[in-house]
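The values are calculated or read from the model by the stated rules, or taken from the named source; none is laboratory data. Computed from a predicted model, the values in this text were never measured in an experiment. Here the Cβ positions follow ideal geometry from the backbone for every residue, glycine too, while neighbour counts run over all protein chains shown.
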Amino acid sequence: MKRSMSLIAFAGLVALSTHALAVPITFTHAGSGGGTLAGSAFANTGFTITATADTDNWASCGGSTCNYLDHVSASIEINGLGTFDFVTLTRTFVNNNIVGFSRGGSLGSDLYNGPNDVAIGGWDRMSDIGPIAGTANLLQWLGEDVITSGGVLVFDGDSVLDASFSAAIGDPTTPPTIPEPGSLALVLTAVAGLIGRSLRRA
């Protein structure tokens with residue numbers, strides 16, 4: 001009897017494990033601006049920020065419309081300079097119709113605000129969106145350093161720029177780990193057979 005109960009518990013764990021996977025999300029913020037990287041100046045240069053996070057970790061940043069995700073990883077590609085990982089903790093936030101990129105944590109200061117679009121306000125934050133084009137602001141890069149693998153990054157503040165934002169659910173570098181229905185059925189059939197044999201022996 002104990003053996004059959006253990007097999008039933010195992011079958012339950014197999015079934016539950018197929019629904020317990022966290023869902024990754026990849027954010028892309030793009031625009032152009034000028035500033036310095038490790039003290040070297042660049043001007044009017046296109047950049048793309050790519051960041052990943054876990055949708056299980058959406059949290060409130062104050063108010064009923066403001067939510068954010070701290071990034072698991074984030075990098076910036078600056079045209080002509082290269083791609084650099086952020087060492088400073090960062091996040092993506094959504095506040096009403098505005099999306100942005102900022103320092104991490106619930107009180108992280110904003111670095112890149114925009115675009116502003118009603119589609120963002122209606123987004124469920126658990127599905128793909130974009131690309132959404134509009135304008136954005138680069139701000140609050142001075143003060144606490146924003147550190148990357150290429151050195152301290154500073155964008156000129158108060159810049160208004162053409163920008164775009166998109167988000168994609170799932171990790172494009174990792175194949176799905178959820179078993180196919182046929183595979184799951186085979187596992188459960190095998191477990192059921194073991195349970196049946198165990199009961200007959202009892």
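For the range 73-148, please list each of the strands (runs of 3 or more DSSP E) lying entirely inside it that holds at least 2 residues being among the aliphatic types (A, V, I, L, M). Before the answer, list the steps.
Details: elements: 73-78, 82-85, 90-95, 98-103, 110-116, 129-138.
Counting at least 2 such residues, we get 73-78, 98-103, 129-138.
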Check your understanding: Does the range 46-76 hold any residues that are touching a Ser or Thr at 6+ places or on another chain (Cβ under 9 Å), surrounded by fewer than 16 Cβ atoms within 10 Å (Cβ to Cβ) and farther than 15 Å from Thr26 by Cα, and which are they?
Key -> Gly46, Ala59, Ser60, Gly62, Cys66
Check your understanding: Which of the residues spanning the range 36-72 are in contact (Cβ under 8 Å) with a residue 24 or more places away in the chain, polar (S, T, N, Q) and not in a strand (DSSP E or B)?
Key -> Thr55, Thr65
Review point. In the range 28-35, is there at least one residue being of a type in the set (Ser, Thr, Tyr), at pLDDT below 95 and not in a strand (DSSP E or B)?
Key: no
